[in-house]
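Quick notes on the structure that follows.
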Amino acid sequence: MSTSPLLRTQSMGYARYHQSRSNLLLHIVFVPLFLVGNVTLLLALIERRWLVAIIGIALTGLSLAIQGRGHAKEPVPVEPFTGPVNAVARILREQWVTFPRFVFSGGWRQALRENGAP
C-alpha cells in the first residue's frame with residue numbers, strides 16, 4: 001500500500017480505534033515522546049553520539065510500549081500488522097502524520113469529550 005492510501009485509511013478509521021479516554025490521554029503525551037525519540041536518534045546518528053542514540057531508541061520504545069498498553073483498552077482493536085514493513089510504515093505514519101492531524105483537526109478533543117472528559 002502506498003503512502004496516500006495508507007494515510008487515507010488511517011485517517012478514516014482513526015477515531016474508531018481511539019475511543020478509550022485513557023488511551024487518548026496516553027497518546028497526547030507519548031506520541032510527542034515518540035517524535036522526540038525519533039529526532040534524538042536521527043541527530044545522534046548523524047553526530048555519532050552513540051549513548052544519545054541509545055536514549056533516542058529508549059524513548060521511542062517506551063512510547064510505543066505505553067501506547068500499545070493503551071490500545072489494549074480500546075473496544076475496537078487495531079488491525080494486525082501484516083509484516084515488519086507494514087508495522088514500521090503504519091507506526092511512522094500514525095505517529096508523524098495521522099495523530100497530529102487528529103489533534104489539530106479537533107478529533108482528539110471531540111473523542112475525549114465523547115468518552116467522559118469534563
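In this rough spin-label picture, where each label sits 7 Å from Cα along the Cβ direction, the residue 52-residue 29 distance is 2.7 nm.
How much length is gained on full extension from residue 65 to residue 110, taking 0.36 nm per residue of separation minus their Cα-Cα distance? The partial results should precede the final answer.
Details: separation 45, 0.36 × 45 = 16.20 nm, distance 2.50 nm.
Between residue 65 and residue 110, full extension yields 13.7 nm more.
Relative contact order, whole percent, for region 3-114 stands at 39, derived from Cα pairs under 8 Å and 6 or more residues apart. For region 37-118, chymotrypsin sites (Phe, Trp or Tyr not before Pro) are listed when DSSP marks them as loop and at most 15 other Cβ atoms sit within 10 Å of their Cβ; the list is 81. Rounded to the nearest 500, the helix-only mean residue ellipticity at 222 nm of the chain stands at -24500 deg cm²/dmol, with each DSSP H run of n ≥ 4 adding -39,500 (n - 2.57).
Each value in this text was obtained by applying a stated rule to the coordinates, not by laboratory testing. Note that the coordinates shown come from a computational prediction; the quantities given were computed from them, not determined experimentally. Counting neighbours? That spans all protein chains shown, and the Cβs are built from the backbone with ideal geometry, glycine included.
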